[in-house]
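Below is one structure, written out as C-alpha cells, with a few remarks after it.
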Amino acid sequence: MARPSVEAERRQQILQAACESIAELGFRGVRVADVAKGAGISSGTVHYYFESKDTLLHEAFAFNFENSLQRRKWIGEGKESPRAHLHHLVESYLPAGPETITAWRVWVELWAAALGSAELQALNDTIYQTWRGIVRATVDDAAAEGVLNQAADPADLTDMLLSMLDGLAIQALNKSTHVTQARMLELCDSYIDSIMLAADPIRT
C-alpha cells in the first residue's frame, strides 16, 4: 500500500490534471480518460482515488480555489498599506499567465455547472464566502486605519469590488477589444482609489 505522502501527492497530481482538463475541455466535456492521460496514469488509478467522475471534478473545483489562495498568500503577509494590498489582489486576479488563465477557465466552468447543481451551488457559495472574507478583512483594515472613505459601507465595497473583478475578468479572458487586461487593471485601481482617502500611499 502506498505511503500517505505518496497518496497525497498522487491525489494532487490527479486534481491538477483534472483542472487542466476542465479548462481545456469544459466541465461537461471532460472524461476520466482525459484526466488520466494528463496525469500520466491509468483510468483505473484515477478511480482508485476518486469513486466517480463527479466526485473528482467537484474536488477539482475546490482544489483550484485552494491553489488560488496559495498564490495570493504573500499579499496578506506583507506590511504594506490596505490600499496596496487591494491593488496587489487586483493584479493577481488578472487573467494573464498560463496558470491564472487555467484557474479562471475552471472558475467559469464552476459557475456554469452550478446553474444545474445544488451541490456545486453550495460549493461556489462556500468558496465565495471565503474569498469575500479575505477581501473584506483588507477593507476593514483600511477602515480601522482611518484611510477608508467614511461614507462607504465595507460590506458593500467588498461586494462591488468582487463583482467588478469577476465581470471584467471574464471579458478580458474572452479577449475583449475594449476590456483588456490593462483596462481591467485601470478600472479596478481607479475604484480602489475612489473609496480611499487621498493620503494613503498606493504601493509601498
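Within the stretch 117-136, being free of Cβ contacts under 8 Å to residues at least 40 places away in the same chain and under 17 Å from His87 (Cβ atoms) holds for one residue alone: Arg136. Counting only helices (runs of 4 or more DSSP H) that sit wholly inside the stretch 1-93, those with at least 1 residues that are charged (D, E, K, R) are 4-25, 32-39, 53-77, 82-93. A residue that is of a type in the set (A, V, I, L, M) and over 15 Å from Ile127 (Cα atoms) occurs nowhere in the stretch 58-71. Condition check for Gly40 on (1) modelled with pLDDT under 95; (2) exposed (fewer than 13 other Cβ atoms within 10 Å of the Cβ): one failure, at (1).
Could you tell me whether Ala142 is in contact with a Gly (Cβ under 9 Å, 6 or more places away or on another chain) and assigned to a helix (DSSP H, G or I)? No.
Has the stretch 97-116 got at least one residue that is aliphatic (A, V, I, L, M), in contact with a Pro (Cβ under 9 Å, 6 or more places away or on another chain) and in a helix (DSSP H, G or I)?
For the stretch 97-116, residues aliphatic (A, V, I, L, M), in contact with a Pro (Cβ under 9 Å, 6 or more places away or on another chain) and in a helix (DSSP H, G or I): present.
Of the residues making up the stretch 113-137, those that are small (Gly, Ala, Ser), loosely packed, with under 14 Cβ neighbours inside 10 Å and farther than 19 Å from Leu161 by Cβ are Gly116, Ala118, Ala122. Among the numbered conditions (1) surrounded by fewer than 17 Cβ atoms within 10 Å (Cβ to Cβ); (2) under 27 Å from Gly116 (Cα atoms); (3) among the charged types (D, E, K, R), the only one that Glu7 does not meet is (2).
For every residue, the table says whether it meets (1) under 23 Å from Ala23 (Cβ atoms); (2) at pLDDT below 95; (3) touching a Lys or Arg at 6+ places or on another chain (Cβ under 8 Å).
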| site | (1), (2), (3) |
| --- | --- |
| Val139 | no, yes, no |
| Ala142 | no, yes, yes |
| Glu145 | no, yes, no |
| Leu148 | no, yes, no |
| Pro154 | no, yes, yes |
| Leu157 | no, yes, no |
| Lys175 | yes, yes, no |
| Arg183 | no, no, no |
| Leu187 | no, no, no |
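Contact map, the stretch 23-49: first residue closer than 23 Å to Thr100 by Cα, second residue in a helix (DSSP H, G or I) and of a type in the set (Val, Ile, Thr), Cβ cut-off under 6 Å, separation 6 or more or different chains; pairs are Ala23/Thr102; Ala23/Val106; Val30/Ile22; Val35/Val46; Ala36/Val46; Ala39/Ile14.
Listed here are the residues, each with its yes/no results for (1) surrounded by fewer than 13 Cβ atoms within 10 Å (Cβ to Cβ); (2) free of Cβ contacts under 8 Å to residues at least 12 places away in the same chain; (3) farther than 19 Å from Asn64 by Cα.
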| site | (1), (2), (3) |
| --- | --- |
| Pro98 | yes, yes, no |
| Thr102 | no, no, no |
| Arg105 | no, no, no |
| Gly146 | yes, no, yes |
| Met160 | no, no, yes |
| His178 | yes, yes, yes |
| Met184 | no, no, yes |
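The values are calculated or read from the model by the stated rules, or taken from the named source; none is laboratory data. Predicted model, so just to flag it, every value in this text is computed and none were measured. As a convention, Cβ positions derive from the backbone with ideal geometry for all residues, glycine included, and neighbour counts pool all protein chains shown.
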